[in-house]
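Take a look at the following structure, please.
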Amino acid sequence: MHFHLLKPRHGWRADGEVGALDDGSTTGKLTGGGPRIAAINPKQALIVVLLVAFAVAAATRVVYLGGGADDVKYIRAAQCVADHLWCVPDDHWARRFPLVLPLALVIRLSGTTLATLWIVPALYSVAVVALFVTIVSRQFDGTRGMLAGLAFVLTPAIGMRFVSVGIDLPEFAFLLGATYFLQRWVSRCDSPSAGAMGLCLGFAVACRPTMLAAVLILGIGFLALGGRRHTVQAAAFFLLPLLIELLVYAAVGDPLRPWRLSLAHATIPSDFLTGVDLHESPILNVHFIQNWEPAAGVKAHWAVQGLLNYLISMEVWFTHLFAVTMAVFAIRNPADRAEIRIIGLLLLLGLLHFALLTYVFSIDPRPRMFMPLIAVECVAIGVFATRTFSGAERLVAPALFALQVAVLIPAAFGDHGHSLPAAEVAR
């Protein structure tokens, strides 16, 4: 991997305008293989995407599912901490302190209502959107950052979770934070950026240990980009939140309790996993891989079932179609081969992450587990969509964005959330 490949192509001046390229050229216009179009300021791109994200969140209103859903488990854990200041977790949901602790703080200050349950998920969602658009804008430009961001927030697997109590977006927020600081480190080669990257990865793993797959990928990338002299700082800050957690549990005589709870996740019965011995380890376990509930009832060989589930899921299928369509235009009009190489590299890394989760950790192959791969597809949409801004092709991207909205609407206005019975949370 060449050092310059992932080096941001644009800097930002104090006024927020896109600055000069490394070769000294300006970035006031985009060509994209078609007519010149005005570049969008990265700040403007972020504002546009955030406004659309707020509209999606307001439309979906998926705040609380209740019953046996994960959100009620997080709420109960947070309620316990809010009432007693500290509760020893008895399952892996309660162990996920990056979500449980801020949620407990909100509940202690404002009570348990649908309105208060918006707060923590919404803050994490804003962080996800802001980081994603910023990363793409800095690597490419504001226009592509905006288009990628729109594709991202309009994907049901993402947008439907903006105001839901869950670990998926908090986990991804920390992963994007690590990616942002890695990108900044590539530009500055400084110790603080390396440390911040490690810290974000530590919190990501605290959210869900399967994030170790992303740590492996980013760690190798960091070293490949020349990060050896800052490895100690990155590793130390990565371990910091995990060691603090270990010391907290050591005070109650069980320092490894969080990890034992996470490993015990596979022993909890699930409606989506049948016909397996739950006492077996899920690591590299073909029985787990082949017995997860198939998407849309379509059963296939275990080696491709996970990928098939991801491809045909109603939460992401249109994003796949959108990305493939834009890639076709990119291949027909390879104006900037560097962009194609970057997208290709990101796609390989996203697929590697997918493979590690699906075939090593044997997780349930649902789209929410593969947000990095969804993000890569949205980057491809944003980068390649500008290639259609000419001739008869100029309506292709707008039409597909409109169709993406149409696909999101039935999911958004379905009956998802409901009122929050205090008795249900107290059980």
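Among 302-309, 378-385, 111-118, how do they line up from the highest to the lowest mean number of other beta-carbon atoms within 10 Å?
Values: 302-309: 17.6, 378-385: 27.6, 111-118: 16.1.
Those peptides, ordered most packed to least, come out 378-385, 302-309, 111-118.
Now, a different point. Go through 349-355, 336-342 and give me the packing order, highest mean Cβ count within 10 Å leading.
The packing order, highest mean first, is 349-355, 336-342.
Would you mind estimating how fast the range 203-362 diffuses translationally, via Stokes-Einstein at 20 °C and 1.002 mPa s with the Kirkwood radius over Cα pairs, in µm²/s?
113 µm²/s
I've got another one for you. Using only Cα positions of the range 67-188, each an equal point scatterer, no hydration layer, compute I(q)/I(0) via Debye at q = 0.21 Å⁻¹ and quote the log10 values to two decimals.
The Debye formula, applied to the Cα set alone, gives -1.10.
If you line up the Cα atoms of the range 271-388 on their principal axes, what length do they span on each, largest first, in Å?
Ordered largest first, the range 271-388 gives principal extents of 53, 24, 20 Å.
If I stretch the segment between Ala236 and Val248 completely, what's the gain in nm (0.36 nm per residue apart, minus their alpha carbon distance), one decimal? Working shown, then result.
On the way: separation 12, 0.36 × 12 = 4.32 nm, distance 1.80 nm.
Stretched fully, the Ala236-Val248 segment lengthens by 2.5 nm.
With no solvent and one equal point scatterer per Cα, compute the Debye intensity ratio I(q)/I(0) for the range 168-261 at 0.11 Å⁻¹ and report its log10, rounded to two decimals.
Here the Debye-derived log intensity ratios amount to -0.31.
Quick one: if you stick a label point 7 Å off each Cα along the C-beta vector at Ala59 and Lys299, how many nm between them?
Using points 7 Å along Cα→Cβ, the separation is 3.7 nm.
We did not get these values from a lab; they are worked out from the coordinates using the rules stated. All figures in this text were calculated on a predicted structure; none of them were measured in a lab. Here the Cβ is made from the backbone with ideal geometry for all residues, glycine too, and neighbour counts use every protein chain on show.
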